[in-house]
Amino acid sequence: MHSVKAIFNLKVCVRAGLWGGVLLLAACSRGGADADKPPSASLTVTAGQPETRRIALEVVASGSVAAWQEMSLGVELSGVRVDRVLVEVGSRVKKGQPLVQLDTRSLAVDARRAEASYAQAAANLQLAGASATRGETLLARQLISASNFEELSAGRSSAQAQVASAAAERDAARLRLGYATLRAPEAGIVSSRTVQPGQIVSVGVELLRLIRDGRLEWRADLSEADLVRIRPGAKVLVNSPDGTTVLGKVRAISPGLDATSRTALIYADLPEPGGLRAGMFAEGRIELGEVEASVLPRESVVVRDGYSYVFVLGKENRVAQRRIEVSPASGDVVPVRSGLTGGERIVVKGAGFLSDGDVVKVVDSAVAAAPPEPAVESAGPRT
């Protein structure tokens with residue numbers, strides 16, 4: 001009886017072992033099949049290839065708007081009261097136009113006094129001259145002595161010196177009277193006014209500032225790498241705060257670099273400044289001409305840690321992150337200087353969401369890329 005049970009148990013164990021081996025082989029077979037499946041894509045993207053285009057090269061810089069030439073205007077008199085101010089900030093003036101009028105009453109009195117002194121000196125000279133001429137006649141007839149004639153001649157010379165002195169005083173008085181009217185030395189626009197009627201002026205004190213010819217210029221600091229690419233006469237486009245673009249032209253480039261910043265100034269004339277004003281900060285683009293270049297869509301280039309990268313499609317749509325060298329963007333494309341070879345496919349839409357080694361699904365460009373949605377685990381019972 002015991003032997004029969006032992007045989008039965010042996011058969012059961014053998015059958016269980018056989019079934020276990022079958023199940024193990026089946027599981028291994030399924031595992032091998034799963035390993036052969038391609039990895040699932042985590043993001044839908046679009047792809048493209050570099051194109052060759054003619055693009056406009058430009059240097060973008062931030063700068064300031066300033067007056068081409070700005071004059072500080074004052075008067076050459078002290079202790080005189082301002083009678084009238086004839087202009088306001090923003091006034092356009094012509095060369096020689098009166099700007100500020102000082103009180104001329106005391107100056108006019110001084111001028112009249114000087115004129116009278118000159119007239120008196122001239123009359124004295126006429127009298128002394130007549131006496132000296134008559135003395136010459138009398139000396140020739142030996143009716144006066146030589147010493148008397150010398151006195152008459154000396155009187156004439158003294159009268160001549162007095163006339164010269166009086167003439168100088170008269171001219172100085174006229175000049176001071178002329179200084180009472182501050183006139184525009186050049187045509188331009190009044191940019192600043194610090195004078196008020198009734199103010200007592202002094203020599204050397206600024207009363208007005210004048211932008212010569214109303215001309216403005218754009219000044220920008222550029223690195224030495226950019227400076228060597230720019231020439232006088234290059235076209236400049238400056239962004240105005242009112243949304244318009246102001247056309248300018250590079251007039252001059254500073255011949256020396258700042259020893260600390262290694263930059264130098266460029267100066268661009270703005271013949272029609274539009275909404276720009278002196279003192280404003282504005283961004284500008286300096287055009288360098290057109291060249292043929294390999295370009296990529298701007299959205300395909302990802303900037304990380306200060307470097308530019310693209311994602312190159314490989315086998316089974318696995319992407320490889322690759323560093324490239326680019327030039328400044330031109331419109332919606334970025335010129336590529338190095339890092340790519342011909343024929344490679346580059347991720348365009350969705351590049352910003354990728355990491356090196358990700359597997360993607362490539363679709364037509366009409367399908368917008370979106371970041372992957374997080375996987376949601378079921379909360380139901382596990383079997």
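The values are calculated or read from the model by the stated rules, or taken from the named source; none is laboratory data. Model, not experiment: these values are computed from the prediction. Please note: Cβ atoms are built from the backbone with ideal geometry, for glycine as well, and neighbour counts cover all protein chains shown.
Of the strands (runs of 3 or more DSSP E) lying entirely inside the stretch 141-220, those carrying at least 1 residues that are among the small types (Gly, Ala, Ser) and in contact (Cβ under 8 Å) with a residue 40 or more places away in the chain are 188-193.
Listed here are the residues, each with its yes/no results for (1) among the charged types (D, E, K, R); (2) at pLDDT below 90.
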residue: Glu292; (1), (2): yes, yes
residue: Val301; (1), (2): no, no
residue: Leu313; (1), (2): no, no
residue: Gln321; (1), (2): no, no
residue: Glu325; (1), (2): yes, no
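Would you pick out the residues in the stretch 44-59 that are more than 28 Å from Glu224 (Cβ to Cβ) and assigned to a strand (DSSP E or B)? Across the stretch 44-59, the qualifying residues are Thr44, Val45, Ala47, Gly48, Glu51, Thr52, Arg53. Ser78 meets all of the listed conditions (1) more than 34 Å from the chain's Cα centre (by Cα); (2) modelled with pLDDT under 90 but one, namely (2). Within the stretch 191-221, the set of residues being over 19 Å from Glu88 (Cβ atoms) and of a type in the set (Lys, Arg) comprises Arg215, Arg219. What pairs come out if I take residues in the stretch 239-254 that are closer than 13 Å to Asp269 by Cβ and pair them with residues that are of a type in the set (Phe, Trp, Tyr) whose C-beta lies under 6 Å away, six or more apart or interchain? Every condition considered, the pairs that remain are Gly248/Trp218; Arg251/Tyr267; Ala252/Tyr267. Checked across the stretch 73-92, the condition of being more than 29 Å from Ala166 (Cα to Cα), in contact (Cβ under 8 Å) with a residue 60 or more places away in the chain and of a type in the set (Lys, Arg) holds for at least one residue.
For the stretch 244-266, a residue qualifies if it is over 11 Å from Leu222 (Cβ atoms) and outside any loop (DSSP other than H, G, I, E, B), and the qualifying residues are Thr245, Val246, Leu247, Gly248, Lys249, Arg251, Ala252.
Does Asp171 meet the test of being of a type in the set (Asp, Glu) and in contact with a helix residue (DSSP H, G or I) (Cβ under 7 Å, 6 or more places away or on another chain)? Answer is no for this residue. Touching an Asp or Glu at 6+ places or on another chain (Cβ under 6 Å) and over 24 Å from Glu51 (Cβ atoms): is that true of Arg337 in this structure? Spelling it out, it is not the case that Arg337 is touching an Asp or Glu at 6+ places or on another chain (Cβ under 6 Å) and over 24 Å from Glu51 (Cβ atoms). Would you be able to say whether some residue in the stretch 279-293 is under 28 Å from Val238 (Cβ atoms) and of a type in the set (Phe, Trp, Tyr)? Looking through the stretch 279-293, at least one residue is under 28 Å from Val238 (Cβ atoms) and of a type in the set (Phe, Trp, Tyr). Of everything in the stretch 351-383 that is modelled with pLDDT of 85 or more and in a strand (DSSP E or B), the residue that is farthest from Thr44 (Cα to Cα) is Val359. Scanning the stretch 196-220 for residues that are among the hydrophobic types (A, V, I, L, M, F, W, C), out of contact with any Lys or Arg (no Cβ under 6 Å at 6 or more places or on another chain) and surrounded by fewer than 19 Cβ atoms within 10 Å (Cβ to Cβ) yields Val203, Val205. Residue count for the stretch 149-196 satisfying the condition of being under 30 Å from Val85 (Cα atoms) and among the polar types (S, T, N, Q): 5. Go through the residues of the stretch 246-260 one by one and say whether even a single one is hydroxyl-bearing (Ser, Thr, Tyr) and either in contact with a Ser or Thr (Cβ under 6 Å, 6 or more places away or on another chain) or under 30 Å from Gly188 (Cα atoms) (or both). Within the stretch 246-260, one or more residues are hydroxyl-bearing (Ser, Thr, Tyr) and either in contact with a Ser or Thr (Cβ under 6 Å, 6 or more places away or on another chain) or under 30 Å from Gly188 (Cα atoms) (or both).
Name every residue in the stretch 221-238 that is without any contact (Cβ under 8 Å) to a residue 60 or more places away in the chain and buried (at least 19 other Cβ atoms within 10 Å of the Cβ), in order of residue number. Listed by number, the residues that qualify are Ala234, Val236.
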